[in-house]
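Notes for the one structure printed next.
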Amino acid sequence: MSLFKRKEKLSDIELLNNYRNLLTEEEILKIELKETKLALDAAYCILQNVTEPELIDSAIYELNSIQSKYTFLTKKYREISA
């Protein structure tokens with residue numbers, strides 16, 4: 001047994017939740033955009049690999065939802081950083 005506890009790296013979302021009051025709105029949007037982009041990449045990957053019709057429909061709905069969120073966050077980020 002180790003005497004030292006291994007510190008686990010916090011995800012961006014955990015950092016965001018822990019330090020939200022210390023971050024600017026622009027920094028918060030950057031983190032949310034990064035996380036949404038990762039989710040978008042994952043949704044594309046899922047869509048490319050599913051074969052069942054029900055799962056294809058589900059993947060398309062998920063992809064559209066994430067794309068809408070990404071578009072909204074991008075627009076908001078442009079407004080703030082302009």
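The numbers here are math on the coordinates, done by the rules we state, and not lab data. Because the structure is predicted, anything quoted here is derived from the model rather than measured. Every residue, glycine as well, gets a Cβ built from its backbone with ideal geometry; the counts of neighbours run over all protein chains shown.
In a Debye calculation with equal point scatterers on the alpha-carbon sites of the range 24-81 and no solvent, what is log10 I(q)/I(0) at q = 0.15, 0.18, 0.21 Å⁻¹? After summing over all Cα pairs, the log10 values are -0.48, -0.61, -0.74.
So what is the relative contact order for the chain, in percent, with contacts set as C-alpha pairs under 8 Å and at least six apart?
Answer for the chain is 33 percent.
Ordering Val50, Phe72, Tyr19 by Cα displacement along the dipole of the chain toward the positive end leaves Tyr19 in first place; charges were set at the Cβ atoms of Lys, Arg (+1) and Asp, Glu (-1). Taking a cut-off of 16 Å between Cα atoms, list the aspartates and glutamates near Lys30, but don't count ones fewer than 8 places away on the same chain. Partners within reach: Asp12, Glu14, Glu79.
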